[in-house]
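Taking it in order: structure first as structure tokens, then the write-up.
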Amino acid sequence: MFSDIGPLEVVALIILAVLVFGPDKLPKLIQDATRTIRKIREFSDSAKADIRSELGPEFKDFEFEDLNPKTFIRKQLDNDELGLKEIRNGFDLKKEMAEVTDAVHGRESESADGTTGTDAASDAATGGGRIDMAKKDGRIDMDKKPEKAAPIEPPPFDADAT
């Protein structure tokens, strides 16, 4: 709870408490504070038990810490029902980056279906369906030049409309 308070700060708080409340009232004040904290904890524990009993056996593994959004999301992502671990394990960032680098520099790189970058380029040059292969592999065609769009003409100016 107070993990970021250092020993010097604790000593300063004790000295301040002694100066403000006096040495004769301080023990009674500490007892009252601990009694209040104990009652709050008991109330909290009984409220949690009441909520669990009202929810029934379907929520026997319900934890109140799961109501924290970060904890809830982390728990749901760790759950393997979605298959995220297979997706995470199937993605090789180094391999993908090497393929992109090879495609940008025009080097040959071995793809998943056994063709090289130059085979794909010759397919595109002959009209052999580089676009189809890009759709099939789920990769972007780096060799194809974008078509130039027609120049955009501004709309005519209407002096009466302004």
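The values are calculated or read from the model by the stated rules, or taken from the named source; none is laboratory data. Bear in mind the structure is a predicted one, so any value in this text is a computation, not a measurement. Note that we place each Cβ from the backbone using ideal geometry, even for glycine, and neighbour counts take in every protein chain shown.
For this structure, a couple of remarks:
- In region 145-154, the residues that are modelled with pLDDT of 80 or more and not aliphatic (A, V, I, L, M): Glu153, Pro154
- Output for region 1-46, where each listed residue is within 25 Å of Phe64 (Cβ to Cβ) and of a type in the set (Asp, Glu): Asp4, Glu42, Asp45
- Scope region 1-34; condition within 41 Å of the chain's Cα centre (by Cα) and not β-branched (Val, Ile, Thr); matching residues: Met1, Phe2, Ser3, Asp4, Gly6, Pro7, Leu8, Glu9, Ala12, Leu13, Ala33
- Region 1-106 holds helices (runs of 4 or more DSSP H) entirely within its bounds, and those carrying 3 or more residues that are among the small types (Gly, Ala, Ser) map to 26-55.
- Residue list for region 2-14, restricted to those being surrounded by 10 or more Cβ atoms within 10 Å (Cβ to Cβ) and among the hydrophobic types (A, V, I, L, M, F, W, C): Ile5, Val10, Val11, Ala12, Leu13, Ile14
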